[in-house]
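**Q** Sharing a structure with you now.
The values are calculated or read from the model by the stated rules, or taken from the named source; none is laboratory data. A quick note: this is a predicted structure, and the numbers were derived from the prediction, not measured. Backbone-built Cβ (ideal geometry, glycine too); neighbour counts: all protein chains shown. Heads up: the accessible areas ignore ligands, DNA and RNA and are worked out on the full protein's heavy atoms, side chains in. Shrake-Rupley method; radii C 1.70, N 1.55, O 1.52, S 1.80 Å.
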Amino acid sequence: MDIWTVIGLVVVTALILMGIMLGSPLIIFFDMTSLLIVVLGSFFILFVAFPIGRVKNTLKVVKKAFKTEPRKADELLALMRQMSTRARREGVLALEDVARTQDDEFLKRGIQMVVDGHDPEAIEDVLYAELDKIEERHKEGSKVFDYITNAAPALGMIGTLIGLVQMLQNLEDPTKIGPAMAVALLTTFYGSCIANIFSMPISEKLQNRSAEELAEKALVAQGLLSILSGESPRFLVDRLNVQLPPSERFQEAS
Amino acid sequence: MDIWTVIGLVVVTALILMGIMLGSPLIIFFDMTSLLIVVLGSFFILFVAFPIGRVKNTLKVVKKAFKTEPRKADELLALMRQMSTRARREGVLALEDVARTQDDEFLKRGIQMVVDGHDPEAIEDVLYAELDKIEERHKEGSKVFDYITNAAPALGMIGTLIGLVQMLQNLEDPTKIGPAMAVALLTTFYGSCIANIFSMPISEKLQNRSAEELAEKALVAQGLLSILSGESPRFLVDRLNVQLPPSERFQEAS
Amino acid sequence: MDIWTVIGLVVVTALILMGIMLGSPLIIFFDMTSLLIVVLGSFFILFVAFPIGRVKNTLKVVKKAFKTEPRKADELLALMRQMSTRARREGVLALEDVARTQDDEFLKRGIQMVVDGHDPEAIEDVLYAELDKIEERHKEGSKVFDYITNAAPALGMIGTLIGLVQMLQNLEDPTKIGPAMAVALLTTFYGSCIANIFSMPISEKLQNRSAEELAEKALVAQGLLSILSGESPRFLVDRLNVQLPPSERFQEAS
Amino acid sequence: MDIWTVIGLVVVTALILMGIMLGSPLIIFFDMTSLLIVVLGSFFILFVAFPIGRVKNTLKVVKKAFKTEPRKADELLALMRQMSTRARREGVLALEDVARTQDDEFLKRGIQMVVDGHDPEAIEDVLYAELDKIEERHKEGSKVFDYITNAAPALGMIGTLIGLVQMLQNLEDPTKIGPAMAVALLTTFYGSCIANIFSMPISEKLQNRSAEELAEKALVAQGLLSILSGESPRFLVDRLNVQLPPSERFQEAS
Amino acid sequence: MDIWTVIGLVVVTALILMGIMLGSPLIIFFDMTSLLIVVLGSFFILFVAFPIGRVKNTLKVVKKAFKTEPRKADELLALMRQMSTRARREGVLALEDVARTQDDEFLKRGIQMVVDGHDPEAIEDVLYAELDKIEERHKEGSKVFDYITNAAPALGMIGTLIGLVQMLQNLEDPTKIGPAMAVALLTTFYGSCIANIFSMPISEKLQNRSAEELAEKALVAQGLLSILSGESPRFLVDRLNVQLPPSERFQEAS
């Protein structure tokens, strides 16, 4: 679990609550109607904007933002190096044994294509087509949150306009103007909180997770293509190493 | 019919109406002049911005957002696989029989070009040129709604400025200030509702539908090119499968 | 003449005027100083932002938004098909006769290059280089209007700030506050109207006209290249047809 | 000198001053502190945002917006045509004489590379690499002004917030509220003026000048490559002509 | 140390403080709760938006904005020229001696690949893949600051909304309205300052530093590839020189 996402959410929420409670009881920031307009509104507008399948997927996608996927670039390079050495000594068919010991579907399918002796260019096509599609699906996930980031403050403003119009039509009792306007502002407040504390950072995290996952898969793809073209294991390591930050690079045990 | 688009629109509209009616009679949110400025204005400005053909097309395009086009990727892959097998055994001319059983114009025209024995590169050109043009036409459809998303709130603000100027020129009777300003705000309210509840989500849905349709057509194009280059049916399935989400992939009946 | 552009402009302007006149005399929305700041300001700032040639061109460009250029895709395809048949039967030199009967400079120059027997790749280069440059010049035209769309409301806000500062320095007579602020808001009103009713939709129309014109010229270019590479007239029609919406496609008279 | 840039700046500034002076003495729009915050602030923030070399360059870059660089496309084409004819008759070495009569460094260096007999592809690389770098340096110039366009209004708003907070803490004397708020608004006014009358149009002009200069240099590059590949002078003229607006095209003296 | 970044930050901060202190004691601009919401909030929201590794990296990245990395293009070209001459005379193996005298890892690794006799195309791939990845890592650094630029004002507005709602619920004592609203505005003030004086210019500086570093590394990469393809030292200098501003170009000592 990515504890830091939770810590971030908890601390920022606590700061907002503290900001409220130091000045007034929390209850004046609660208005059921406003809450329904902004929260339910931001949710049901997704039904109009996205195919139902992607709305249903949203919950699953949120979970991803809370999961740690430790980067195993180091290990991965060791594996690719070993595969390269073996392919050179025993031929690519030997890689089938490696495939059996691995969990990652992308790697296994890639090895299988190499072993099957397909045309290298066709393999490259397929590997990169899959990367493109994975990126596209990831983007579909974060776009739902980007939509909420736009829709929630907009619905908040619609709610505030409703409150303002009602207040302005009804100015006789001056003591009610303040509280009426306070309530009118709550929808804007809710909309801002949803956008800035929930959907915008979650979308950003999903995009970052996606970039990490794709970078890792790109290493696998490039490693396989390097093996396929018969490059030396050492050059394969060079090729992949330069794509990692210096601190994560694979060191040849010498 | 895509019932979810309707549900989304109904629920969000109901939330807004509820927000209004819990605080005041609905009638104070109705002002004919404001409505005409925003609704007719947002419509007639389209005549200036777009060729008349595209404005006329708008209604047809809206309907698309309410139609379900179930993705039949699974079936499609089965068909492509069968075509590939047949082309290998009986030659590409046999595909003409397949073309006769299919409804999809894009697929039929593609098969015809293969059967006619045109240059593979030229066929690739034509297939992808059509995909590009379909995408372009889809974008033309959603751009009209994007334009409304900008124009409606802008016209709303123009209407509100008119109301404000009139109110400020006429401050003698303080009891009228409130209601006058309330009415002035209505155009902004209408503009926000049109943009955020109607045109923005519809545009997003159209873009998503377009992406789905293009992804499906791209599978057809790639399948045909794979058949043309004589790849094995199994590799064709691999090639197309990696472009689908894992849950929708075609499973070889073995 | 594109009557719809005129209708759109007239109706939207009428709606605004109606919105004003139902509530007050039109005269209170007229302030010469404000008008000069926004209208002249938006015009003269173009002298700073663009080379003088492009400012002078603006009027000519506006006219384009009011001109109908009926798409003649259908006719064009018939012509290309006929040229293709003739080139196959009589050789490309016979196209010189066709060139003489045509008005379109782009088409004539293209045929000339084909007849002159230049290298096909060089011809492709030249045709597409011209398309790129036409697109660039069209963009230069619409960018001037995009600039006005930004500048007019900004100058409006500067005018409003001037009015606000003057009013705030001079609050002694409360009866003057309202009218002073009303006048201050007029520059913002003028700026919004110029941007949203004039420059933004005109820019959009120009871009749409540009896209239509380029799509047509691209058909010509592709047709010529198809003739040059000796493709069959029927395939040429296929090639071009897929780029048209289904309703506009060329039907072989059979 | 590009007199139109000066005219534009003078007229727009005069309109603003007129707008002020018709309503109040000019002096109430002058506040030294506000001016320092916005003007010095917008300048010194550049030290944080850009390497010092680019800040120092800013003044030199501004001058460019006031310089006229008449497009000499016509002359240039005549020169390229003559070079092409000569290269065909006397060989490319003869171009060295032409180089000596020219001022333009880009052209001279290009001719030199042709004369030196380098690999055509390498020459193409070098010519386009230089064009890319020139464009990059031009963009670096206009980006400084784009930064000011964002920073000046933001600093204006910070200044206004300072004024508002001070006024709100000090509401006892109602007669001071107006003037205090007027002064607070001045920073926003200054920020808007700097952004909309100075930095935004200057940045746009610089970008337009850059596009003109690059288009001219691209003609030179393409002309040289055409000569190098032995194309006929007439085709060279066609090749370059299509990239000019019809009114500026080179007419063969026949 | 890049003293100019410090000077810029100090001067702009001093201008703001001066703006405050000329009108009121500094203390009224200090509110602990507001400060915590904006500063801690903008920091902890990064935990939600970015992987923890990148948040931790932020401090290291900030330092980069204060470091001067003098461009040594001149020296670099001299070195490349000398390497080219030597490689021509003594063969590429002689470059190994050069590698030993250099610090730059990118250059050393590049020379090593050349000496090892790898395929030139593969070397090109690896060099540019590393450049791409370096650019990506640089962008990851500046994106954190771009995020703060959005989040700080948004949290400021949330804080201001809290203050406004509390004030509006509590209008009985009119003398408290002003100060309450003043405090409410402080979060917006803090948010604006963080965004415009800290995170936005720092992000811009980081992007500029990144561009400089990459341009230098691109020179190394192109120089190595030129050596590898056996181009003359003089052409190598031409090739690299055109990518520098005229004032920084390498002059052959003749």
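**Q** Select from region B:192-225 the residues that are at the interface with another protein chain (Cβ under 9 Å from one of its Cβ atoms) and under 19 Å from B:ASP74 (Cα atoms) and list them in ascending order.
**A** Listed by number, the residues that qualify are B:ARG209, B:ALA211, B:GLU212, B:ALA215, B:GLN222.
**Q** Taking the condition of being part of a helix (DSSP H, G or I), open to solvent by less than 60 Å² (accessible area, probe 1.4 Å) and more than 7 Å from chain C (Cβ to nearest Cβ), how many residues in region D:2-11 meet it?
**A** Residues flagged as part of a helix (DSSP H, G or I), open to solvent by less than 60 Å² (accessible area, probe 1.4 Å) and more than 7 Å from chain C (Cβ to nearest Cβ) within region D:2-11 amount to 1.
**Q** Looking at (1) under 21 Å from D:LYS60 (Cα atoms); (2) out of contact with any His (no Cβ under 8 Å at 6 or more places or on another chain); (3) surrounded by 18 or more Cβ atoms within 10 Å (Cβ to Cβ), find the lone condition where D:CYS193 falls short.
**A** (1)
**Q** Residue by residue through region D:165-180, note down the ones that are within 12 Å of chain C (Cβ to nearest Cβ) and surrounded by fewer than 21 Cβ atoms within 10 Å (Cβ to Cβ).
**A** D:PRO174, D:THR175, D:LYS176, D:ILE177, D:GLY178, D:PRO179, D:ALA180
**Q** Now for a different question. Quick check on region E:224-247: of everything there that is open to solvent by less than 20 Å² (accessible area, probe 1.4 Å) and outside any helix (DSSP H, G or I), which residue is nearest to D:LEU107 (Cα to Cα)?
**A** E:VAL242
**Q** Right, another one. Could you list, in sequence order, the residues of region C:114-147 that are of a type in the set (Asp, Glu) and crowded, with 20+ Cβ neighbours inside 10 Å?
**A** Listed by number, the list holds a single entry, C:GLU130.
**Q** While we're on this one: Looking only at region B:73-105, which residues are in contact with a helix residue (DSSP H, G or I) (Cβ under 8 Å, 6 or more places away or on another chain) and under 14 Å from B:LEU219 (Cα atoms)?
**A** Selection gives B:ALA73, B:ASP74, B:LEU76, B:LEU77, B:LEU79, B:MET80, B:ARG81, B:MET83, B:SER84, B:ASP104.
**Q** Among the numbered criteria (1) at pLDDT 90 or above; (2) within 19 Å of the chain's Cα centre (by Cα), which single criterion is violated by B:LYS63?
**A** With (1) at pLDDT 90 or above; (2) within 19 Å of the chain's Cα centre (by Cα) applied to B:LYS63, the lone miss is (1).
**Q** Still on this model: What do you reckon, is B:ARG86 more than 30 Å from C:LEU206 (Cα to Cα) and touching an Asp or Glu at 6+ places or on another chain (Cβ under 9 Å)?
**A** In short, yes.
**Q** If I ask for residues that are open to solvent by less than 10 Å² (accessible area, probe 1.4 Å), at the interface with chain C (Cβ under 8 Å from one of its Cβ atoms) and closer than 23 Å to B:VAL61 by Cα, which ones from region B:148-159 would you list?
**A** B:ALA151, the sole residue that qualifies.
**Q** Let me spell it out: the conditions are (1) touching a residue at least 24 places away in the same chain (Cβ under 8 Å); (2) farther than 23 Å from A:ASP31 by Cβ; (3) open to solvent by less than 10 Å² (accessible area, probe 1.4 Å); (4) not basic (Lys, Arg), and A:LEU214 meets all of them except one. Which number is the exception?
**A** Result: A:LEU214 fails condition (3) only.
**Q** Are there any helices (runs of 4 or more DSSP H) wholly within region E:22-86 with 1 or more residues that are free of Cβ contacts under 8 Å to residues at least 40 places away in the same chain and touching a Ser or Thr at 6+ places or on another chain (Cβ under 7 Å), and if so which?
**A** Where helices (runs of 4 or more DSSP H) fall fully within region E:22-86 and carry at least 1 residues being free of Cβ contacts under 8 Å to residues at least 40 places away in the same chain and touching a Ser or Thr at 6+ places or on another chain (Cβ under 7 Å), they are E:41-49.
**Q** For region D:100-113, check the following and say yes or no: at least one residue is modelled with pLDDT under 90, surrounded by fewer than 18 Cβ atoms within 10 Å (Cβ to Cβ), more than 29 Å from D:THR58 (Cβ to Cβ) and acidic (Asp, Glu).
**A** no
**Q** Hey, another quick one. Given (1) closer than 20 Å to B:ALA218 by Cβ; (2) over 30 Å from the mean Cα position of the chain (by Cα); (3) in a helix (DSSP H, G or I), identify the lone condition not met by B:VAL165.
**A** Here B:VAL165 meets the rest and fails (1).
**Q** Considering only region B:12-43, state which residues are open to solvent by 40 Å² or more (accessible area, probe 1.4 Å) and within 26 Å of the chain's Cα centre (by Cα).
**A** Within region B:12-43, B:THR13, B:ALA14, B:VAL39, B:LEU40, B:PHE43 qualify.
**Q** Out of curiosity, is B:VAL183 away from chain C (no Cβ under 11 Å), over 22 Å from the mean Cα position of the chain (by Cα) and buried (at least 21 other Cβ atoms within 10 Å of the Cβ)?
**A** no
**Q** I'd like to know if region D:26-36 contains one or more residues that are aromatic (Phe, Trp, Tyr) and at the interface with another protein chain (Cβ under 10 Å from one of its Cβ atoms).
**A** Yes, region D:26-36 contains at least one residue that is aromatic (Phe, Trp, Tyr) and at the interface with another protein chain (Cβ under 10 Å from one of its Cβ atoms).
This table checks each residue for (1) closer than 30 Å to A:LEU26 by Cβ; (2) in a helix (DSSP H, G or I); (3) in contact with a Lys or Arg (Cβ under 6 Å, 6 or more places away or on another chain).
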position	(1), (2), (3)
A:GLU124	no, yes, no
A:LEU127	no, yes, no
A:ASN170	yes, no, no
A:ALA182	yes, yes, no
A:THR187	yes, yes, no
A:TYR190	yes, yes, no
A:MET200	yes, yes, no
A:LYS205	yes, yes, no
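**Q** Can E:PRO70 be described as at the interface with another protein chain (Cβ under 10 Å from one of its Cβ atoms) and modelled with pLDDT under 95?
**A** no
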